[in-house]
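Working notes for the structure below.
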Amino acid sequence: MQTLYFYINGSGSPFWKEEKVDINGGIYYSDIHWLHDISDQLKKEWDRLDTLYSNYRNPIDSSFPSFWTNSMCDLFNNLAYAFLGNSISELKSYTIIDKFTPLKQDERLWEYRLDPIKYHLNHNSSFYNKEDFKKFLENKLEIESNQVTDLPLYKGFRISYQEYKAFNRSFLTFEKYNNFPIEFCPLTNRTFLATINDGGHAAVFIAMRINREDIFQNEQKLIDLINNYLE
């Protein structure tokens, strides 16, 4: 009985004859194989999967985050596993081994969607541990500027949509933070929280200058400020 490996990578078929290990210890698949004697129904299921997968990659540059959210990834994964189950049931003359890697939402998606241009210029970024973010701040010191008002700490004020978009951002996912945005003035690197209150007739953009030490020492304080629209 011939063994086939089930693995989807956009190559036109989910079936491969060989599983190999590269010089770095990574696993890859070779000798792609398409079964011409499968049912029309299975062919239709694969065509749907293949079409969906072709839209998974970022259309601008494959190195940038996919636009797919977790819900879209879950939909694709469910279809892939349904196809695998139907393949095993129908192709009884083959041993089909599941090597499919489920798709998941790219962790960089939110920073990318907020401002793709800033992402491409490396002005927006994500951090997944405290020490990396501390090192980042050491190279992004706050400076004085006659062009920018020296605002007091922890006093919220309204800003325009253009001012909201002008901030550079870091997204924090460590300890209590989950994709928590910290904003930086592009001229001075002064550190802010910013939020959108869209509970009224029109969206209101609000910012508040914060003490950097509170990012690490008073996480809940900053989270509560955002949850209360910086009040």
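Just so you know, all these numbers are worked out from the coordinates, no wet-lab data involved. These numbers were taken from a predicted model, which means no experiment stands behind them. Backbone-built Cβ (ideal geometry, glycine too); neighbour counts: all protein chains shown.
Structural remarks
- Look at the Cα gyration tensor of segment 84-178: its axes a ≥ b ≥ c give a/c of at least 1.5 with a/b over b/c, and that counts as prolate.
- Theoretical ellipticity at 222 nm over the chain - DSSP helices of four or more residues, -39500 (n - 2.57) apiece, nearest 500: -9500 deg cm²/dmol
- Between helix 70-90 and the chain: long-axis angle, C-alpha atoms, 0 to 90°, nearest 10: 10
- Note on K165: aspartates and glutamates with a C-alpha under 17 Å away, same-chain residues under 8 apart excluded, are E111, D115, E183, D198.
- Using alpha-carbon coordinates, inclination of helix 40-54 to the longest axis of the chain, degrees: 30
- Among beta bridges identified by DSSP and lying wholly in the chain, the antiparallel ones come to about 75 percent.
- Contact order, relative form, for the chain: 14 percent (alpha carbon pairs under 8 Å, 6 or more residues apart, mean separation divided by residue count).
- Along each principal axis, taking the top coordinate minus the bottom one, the Cα set of segment 125-230 gives 41, 33, 22 Å in descending order.
- For the residue pairs K17/K43; K104/K221; K135/K176; K20/K118; K99/K176; K134/K221, alpha carbon separations beyond 28 Å are given by K104/K221; K20/K118; K99/K176.
- Charge tally in the Cβ shell below 11 Å around G12, where Lys, Arg are +1 and Asp, Glu are -1, G12 excluded: -2
- Beta bridges per DSSP with both ends in segment 125-230, % antiparallel, nearest 5: 85
- This structure gives Rg/Rh (Cα atoms, Kirkwood Rh), computed directly, and of (1) 1.13; (2) 0.95; (3) 1.04 that value is listed as (1).
- Average Cα contact separation per residue, segment 1-101, under 8 Å, 6 or more apart, as relative contact order %: 36
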